[in-house]
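Have a look at the structure below, then the notes.
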Amino acid sequence: MATIKDIAKVAKVSQATVSNVLNGKDNVSSDKIRRVMKAVEDMGYVINEKAQNLRKGTAKILAVVVPNLYDKTYIDFFSSFKDYAERKEYTVDLYITNDDDDYERKQIQKIKSRMTEGVAVFTSISDGSEAYYEAGFSNEDVVFISNKQPYSCKFIGYDNIEAGKEIAKKILQGNYEKVALLTGPLTYSGKMDFRNSFLESIVKSDKISEVYERVTTEQCKYQNVVRVFTHMQPDAVVTDSISLAQTVKSVYQNFYRNRPVDIVSLSPVYTIPERDIIRYEIDYRKMGIDAASYLINRNWENRNELIIESKGFSDWPKINSKNEENVLNILSIASPTTRALKTVVNLYEFNTGIKIRIIESDYESMYKLVKNRGAELPYDIVRMDKDWFPVLAKSVFEPLTNIESNIGNSLDGFLPNALKNYSYLDGDIYALPGTPSIQLLFYRKDLFEDTRLKRLYYEMYKKSLEVPKTFEEYNRIAYFFTNEFNNESPIKYGCSFTSGEHGTVGVEFLMRYFSHSKRLFDENGNILLNTEAARDALRETKDSWNCSSKIEHNWWTDSAQEFAEGDTAMGIYMINHVSGFVGPDSKIRGKIGWSIVPGDNPMLGGSVLGISKYSKNKDIALDFLKWISRDDIGTATVLLGGMSAKKTAYDDAEVNDAYPWLDYAKKCFKNAQTNYYPIVDGDNIGLKELQNLLGVAIKKGIMEHLDIDEILETAMTDYENLKKKKL
């Protein structure tokens, strides 16, 4: 087995240099780092992590202890805990006890031997706190989940007693006479509290003629479920875990379908609806995040416990259709959100009987159709680009207040400024936010943190390799990572550039322009292109194009796909086009970071949903818009790969596990650049028209290597001609 001494000899460096490289220190030249890492790879050297941790004095290791990993409760908790901890550069070890207290005691010793800094545990030991403290963990090192301990300890859970009362209340509201209660071992305090609270509430009423109680373990759950059905014909079965509820569902559907039974259960949160189980939901993903946050930050001052508010019963109610024969026709721009929408509307059809037909169109074709046909569009609902909204809304959409005068009173829970930017026009509500989007900078975190590349960048520029805050820094980094200009770069391209459509080239310029200035027009409507801000922005646009693949991607989805292929260091994208970054074909999954765009002045994008003036189903169409704007539907849409304007979607732990940049993006909306084009004689110059004319001039100038001032002069002339045409 190779040693540090062997590595030093082959790499022709000192042992101290090898040690510095292996420990990620940046005080070694890029050439020596390259030689050391090549020797490590060639000789198959394996770093002794335990020895490394001893030298550092800290291991940055956390542990999660759960009974199993087939119950969604524990899957949710562990995945959120792990994601949060790994973003803070911690390692997370998982220990599964199978609800065996003796086995858990053995695992405690293993956990301690790993120099574990903190433990989150669903303990199987009745006096678990004592067991962990005896192993050498302090009160601060261990947080117990769901079940309180007899000794003083850190605890995260929910109100088991309240949950028992609420489920009993649900049972008493139903037309049930015979009820079965199925729980796990009552040696756990949380399960006992739930059971006692439920039964105490039930016995106070004379509505229930019989309650049959069974206590089970995971190993015996099938036979105990069978005993319930052979003992009685229950109208409802109540369980204290989703795993038990799913077992009841399986046995019932396979063997006892002739007896109608409702299943009511404590449950983790399901973003996608579950029709066969009535769920009282607990957010275990949030518990996972809170547990990891506590163990890393140790920020609980003067308290020992955190009680998470239950989400309560999941609410996917049926909607009473005014006419079940109706069909709603929706015209939509083709996008990932449209694909998600096609799935979500199946639930609406199931609940209402109303058929939803979604017709997709590409961006350019739909713009021409909507602009030319206006109110004559043969559709009930139109999902149009946000940039068209100020120009086309009045000719296409029926004001929603004409359909329901007090509609504004029911619009809440949206992202900051979402209604202002995606709904209101001249003080009236013409649409509801469809898919609000914003630009974010995405970059290859693994490359930015690579020790050799960081050192090489410093040697070339005498500056640290950090996430760019200006486009000057952005282009310098892009040049560094472009293999054509730097053969030390491990990838081909420094940045992406969306240049297939004139409009996207216009956006590439504008995002750079707005990093220098917040105004594109003066108070008289004159375009500010004869300025240093415009010249700087155009230089930066050309420099970025030179560091890209130069493939003419027609839309943001295409350039985002190129980034996902792994040959590009960074890019700026609208967030409604980036779900592919975590897709099965992505080569950058787990390797990316994200930040505000350079200049801290991102542009908004996305779409709006409005009701066509042509529609003969305006009332039903509005009911659909309100349904699609619900918190739970919005969250489900995002999880399926779309976008939503509802804040709850960005706060949902499962959504943030899937798309971790969304929580950051939510904070950027308030800084976004919105309507920055003027009004000429009461008529808006459409943003699409403005982007197109800029893009035509800039793309032609880049391709023909024209002078900066000549390109900008052409764009100004084209704009003045557009103004005259509008007038």
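The values are calculated or read from the model by the stated rules, or taken from the named source; none is laboratory data. All values reported here derive from a predicted model rather than from experimental measurement. Glycine also receives a Cβ, built like all others from the backbone with ideal geometry; neighbour counts cover every protein chain displayed.
Has the stretch 229-239 got at least one residue that is in contact (Cβ under 8 Å) with a residue 24 or more places away in the chain, among the hydroxyl-bearing types (Ser, Thr, Tyr) and in contact with a Lys or Arg (Cβ under 8 Å, 6 or more places away or on another chain)? Taking every residue of the stretch 229-239 in turn, none turns out to be in contact (Cβ under 8 Å) with a residue 24 or more places away in the chain, among the hydroxyl-bearing types (Ser, Thr, Tyr) and in contact with a Lys or Arg (Cβ under 8 Å, 6 or more places away or on another chain).
Table: residues versus (1) in a loop (DSSP other than H, G, I, E, B); (2) in contact (Cβ under 8 Å) with a residue 24 or more places away in the chain; (3) in contact with a strand residue (DSSP E or B) (Cβ under 6 Å, 6 or more places away or on another chain); (4) within 19 Å of Met716 (Cβ to Cβ).
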position: Arg519; (1), (2), (3), (4): yes, yes, no, yes
position: Asn524; (1), (2), (3), (4): yes, no, no, yes
position: Asp558; (1), (2), (3), (4): no, yes, no, no
position: Asp585; (1), (2), (3), (4): yes, no, no, no
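Here Asp619 does not qualify as modelled with pLDDT under 90, surrounded by fewer than 20 Cβ atoms within 10 Å (Cβ to Cβ) and part of a helix (DSSP H, G or I). When the stretch 530-572 is filtered for residues that are of a type outside the set (Gly, Ala, Ser), touching a Leu at 6+ places or on another chain (Cβ under 9 Å) and buried (at least 24 other Cβ atoms within 10 Å of the Cβ), the ones remaining, listed by number, are Leu538, Met570, Ile572. Quickly run through the stretch 147-175 and pick out the residues that are at pLDDT below 90 and either assigned to a helix (DSSP H, G or I) or polar (S, T, N, Q) (or both). Within the stretch 147-175, Asn147, Gln149, Ser152, Asn175 meet the criteria. Applying the condition of being among the β-branched types (Val, Ile, Thr) and crowded, with 22+ Cβ neighbours inside 10 Å to the stretch 484-523 and asking which residue is farthest from Met703 (Cα to Cα) yields Val507. The set of residues in the stretch 490-499 that are touching a residue at least 60 places away in the same chain (Cβ under 8 Å) and in a loop (DSSP other than H, G, I, E, B) comprises Ile491, Lys492, Gly494, Cys495, Ser496, Phe497, Thr498, Ser499. In the set (1) of a type outside the set (A, V, I, L, M); (2) outside any loop (DSSP other than H, G, I, E, B); (3) under 15 Å from Ala715 (Cβ atoms), Asn530 fails one condition alone, (2). Scanning the stretch 500-517 for residues that are among the polar types (S, T, N, Q) and assigned to a helix (DSSP H, G or I) gives a single hit, Thr504. Assess whether Ala85 counts as being within 22 Å of Trp300 (Cβ to Cβ), buried (at least 20 other Cβ atoms within 10 Å of the Cβ), at pLDDT 85 or above and not acidic (Asp, Glu). Yes.
Filtering the stretch 232-260 down to residues that are part of a helix (DSSP H, G or I) and among the β-branched types (Val, Ile, Thr), which residue is nearest to the chain's Cα centre (by Cα)? Ranking the candidates gives Ile242 first. I'd like the full set of residues that are of a type in the set (D, E, K, R) and either more than 18 Å from Asp102 (Cβ to Cβ) or part of a loop (DSSP other than H, G, I, E, B) (or both), limited to the stretch 121-146. Passing the criteria: Asp127, Glu140, Asp141.
Looking at the stretch 1-65, the helices (runs of 4 or more DSSP H) lying wholly inside it that each contain 2 or more residues that are modelled with pLDDT of 75 or more and either outside the structural domain of Glu488 (by TED's automatic domain parsing) or surrounded by fewer than 18 Cβ atoms within 10 Å (Cβ to Cβ) (or both) sit at 4-11, 15-22, 30-43. Considering the conditions (1) modelled with pLDDT under 85; (2) under 30 Å from Gly288 (Cβ atoms); (3) part of a helix (DSSP H, G or I); (4) not basic (Lys, Arg), Gly641 is excluded by exactly one of them, (3). Of all positions in the stretch 263-271, none carries a residue that is within 31 Å of the chain's Cα centre (by Cα), farther than 26 Å from Asn346 by Cβ, aromatic (Phe, Trp, Tyr) and not in a helix (DSSP H, G or I). Output yes when any residue across the stretch 129-143 is within 17 Å of Val66 (Cβ to Cβ), in contact with a strand residue (DSSP E or B) (Cβ under 7 Å, 6 or more places away or on another chain), in contact (Cβ under 8 Å) with a residue 60 or more places away in the chain and buried (at least 18 other Cβ atoms within 10 Å of the Cβ), and no when none is. Scanning the stretch 129-143, I find at least one residue that is within 17 Å of Val66 (Cβ to Cβ), in contact with a strand residue (DSSP E or B) (Cβ under 7 Å, 6 or more places away or on another chain), in contact (Cβ under 8 Å) with a residue 60 or more places away in the chain and buried (at least 18 other Cβ atoms within 10 Å of the Cβ), so the answer is yes.
Let's see how each residue does on (1) crowded, with 20+ Cβ neighbours inside 10 Å; (2) closer than 23 Å to Leu419 by Cβ; (3) at pLDDT below 90:
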position: Glu325; (1), (2), (3): no, no, yes
position: Ile330; (1), (2), (3): yes, yes, no
position: Leu347; (1), (2), (3): no, no, yes
position: Lys355; (1), (2), (3): no, no, no
position: Met384; (1), (2), (3): yes, yes, no
position: Trp388; (1), (2), (3): yes, yes, yes
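All conditions in (1) modelled with pLDDT of 90 or more; (2) within 27 Å of Val143 (Cα to Cα) hold for Ile278, with the sole exception of (2).
Do you know which residues across the stretch 225-261 are within 18 Å of Leu199 (Cβ to Cβ), of a type outside the set (Ser, Thr, Tyr) and surrounded by 20 or more Cβ atoms within 10 Å (Cβ to Cβ)? Result: Val228, Pro234, Asp235, Ala236, Val237, Val238, Asp240, Leu244.
Among the residues of the stretch 206-231, those identified as part of a loop (DSSP other than H, G, I, E, B), of a type in the set (Val, Ile, Thr) and touching a helix residue (DSSP H, G or I) at 6+ places or on another chain (Cβ under 8 Å) are Ile208, Thr216.
Lys542 meets each of the listed conditions (1) in a loop (DSSP other than H, G, I, E, B); (2) touching a helix residue (DSSP H, G or I) at 6+ places or on another chain (Cβ under 9 Å) apart from (1).
Tyr222 meets the conditions (1) surrounded by 17 or more Cβ atoms within 10 Å (Cβ to Cβ); (2) out of contact with any strand residue (DSSP E or B) (no Cβ under 7 Å at 6 or more places or on another chain); (3) not hydrophobic (A, V, I, L, M, F, W, C) in every case but one. The failed one is (1). Checked across the stretch 159-171, the condition of being under 21 Å from Tyr294 (Cβ atoms) and either surrounded by 21 or more Cβ atoms within 10 Å (Cβ to Cβ) or of a type in the set (Lys, Arg) (or both) holds for at least one residue.
Tyr457 satisfies every condition listed in (1) touching a helix residue (DSSP H, G or I) at 6+ places or on another chain (Cβ under 6 Å); (2) outside any helix (DSSP H, G or I); (3) free of Cβ contacts under 8 Å to residues at least 60 places away in the same chain except (2).
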